[in-house]
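**Q** Just dropping this structure here.
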Amino acid sequence: MLRDLWFLNFSTLFFFLGISVLNPLISPYAITLGAEPFLVGLVAGVTSGVSLVSKLFGGYIGDRGYRFHAMFLGNILGIISGVFYIISAMFHSIFIFAIGRAIHGVGMGIFFPSSLSSAVDLAPKGRVGEALGWRGMMFSLGNIIGPGIGGFVSDRFGFVSAFLLAILFSIIGAIFVLAVWREVGEIKFEKREERSGYRELIRVFFITACLSLFFISVAYSGVVTFLPALYKVSGLGQGIFGLYMMIMGVSSFLTRVVGGRSADRFGPIPVARIGVGMILISYALLVKFKFPPHSYLVAFISGAGFGLTYPALQYMALAKLPGRIRTMGSSIYTMFFDLGMLSGQVGLGYVAQLSGYEGVFPVVALLPLLSLLIVNIPVIWRDKNEN
């Protein structure tokens, strides 16, 4: 069982390496294809938009007993998208590149829900939080090292070499999916879960986890979108924010398993309180300390907070759902992250238009407080599913 879980974790690592290796390249590559600023933003955002919609399909097919099919297909679509990227370079076509980005978005939407729900299903009894923590570490590791690898390869060998590397990572991810698929077959559900319907997603613990995730995602989007913009207009280089993100990523990586194991031992709500509380404190500090070196302390505290919060909220949302509907639950839960990111970019962009980039951060500082209040709702209502 543990070996199967680690095959699943490695498939997650390489799938997201295939995505994150491209993150620092999308905008520069689109510019080399002649894209204007608006089109650059549109091409950069098409993956997230398509992923948001395709997650519903990914959840549906996962709950029909095709979870490993979905994860394998997600990697195959990653390979196909890489081929489109290479063709776009051959024909110098932004349109072909955008098609590749859309295909990658479909792959993300199909892969992610089954990957998350399968981690819960394959976890040893009493160690669901820990399993989610380890999976989260793979996700974090991919996002820490992927951009660095992609930037280095593209600078040294060109964009096409980075696209080939993304294809290679997707191939390795597909191989790991096949390995666990061969051992497990398809995940079986208990007879009492066979008739579980999506109406059972209307549970206090699931809804509150989704809403809590939404508000911290809005806050996160404000920081990752407008802090680098503030640095840019202040005359600072891009590497300043790159180091901020690296510190935050490493800090989150180090606390993921701690958050998962603590959720197993103490329950998800106490761990989420601590994690969201750390995010609240860090973003309150960011109002005053926006620039390095003090901002790097903010990055460390917030990263540790996210590392504790994400496994706890995933546990809270998914662990007690019937297996038959868990993949759709994973889809909807992760959609709240996407919705938070989009809402933050649009809503806080309006704030920035009115008050300047610095005016965004007092609003950002308040959002984790809403998340902290929401995560306690099951306790206030004495929801037996969480006690």
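The values are calculated or read from the model by the stated rules, or taken from the named source; none is laboratory data. Given the structure is predicted, the values throughout are model-derived calculations rather than measurements. Glycine gets a Cβ as well: all are built from the backbone with ideal geometry, and neighbour counts include every protein chain shown. When the accessible area is computed, the model is the full protein with side chains, heavy atoms only, and any ligands, DNA or RNA have been set aside. Shrake-Rupley method; radii C 1.70, N 1.55, O 1.52, S 1.80 Å.
**Q** Is it true that Ile94 is within 29 Å of Ser27 (Cβ to Cβ) and open to solvent by 10 Å² or more (accessible area, probe 1.4 Å)?
**A** Yes; evaluated as a whole, the condition is true for this residue.
**Q** Moving on to the next point. Of the residues in segment 228-287, how many are over 19 Å from Val128 (Cβ atoms), part of a helix (DSSP H, G or I) and of a type in the set (S, T, N, Q)?
**A** 4
**Q** Now a separate question. Considering only residues of segment 70-90 that are open to solvent by 40 Å² or more (accessible area, probe 1.4 Å) and free of Cβ contacts under 8 Å to residues at least 60 places away in the same chain, which is nearest to the chain's Cα centre (by Cα)?
**A** My answer is Leu73.
**Q** Looking at (1) open to solvent by less than 20 Å² (accessible area, probe 1.4 Å); (2) within 15 Å of the chain's Cα centre (by Cα), which is the only condition Ala123 fails?
**A** Here Ala123 meets the rest and fails (2).
**Q** I want to confirm something. Restricting to segment 338-370 and keeping residues that are open to solvent by 70 Å² or more (accessible area, probe 1.4 Å) and at pLDDT 95 or above, which single residue is farthest from Gly275 (Cα to Cα)?
**A** Leu366
**Q** Within segment 30-41, is even one residue open to solvent by less than 10 Å² (accessible area, probe 1.4 Å) and of a type outside the set (A, V, I, L, M, F, W, C)?
**A** The answer is no; no qualifying residue exists.
**Q** Moving on. Please go through segment 145-165 and give me each residue that is within 18 Å of the chain's Cα centre (by Cα) and either among the hydroxyl-bearing types (Ser, Thr, Tyr) or buried (at least 18 other Cβ atoms within 10 Å of the Cβ) (or both), ordered by number.
**A** Gly146, Pro147
**Q** Do we have Leu141 as more than 15 Å from Leu25 (Cβ to Cβ) and either assigned to a helix (DSSP H, G or I) or assigned by the TED database to the domain that holds Ile269 (or both) here?
**A** yes
**Q** Kindly provide the set of residues from segment 241-269 that are open to solvent by less than 50 Å² (accessible area, probe 1.4 Å) and over 20 Å from the mean Cα position of the chain (by Cα), ordered by number.
**A** Scanning segment 241-269 gives Ser262, Asp264, Gly267, Ile269.
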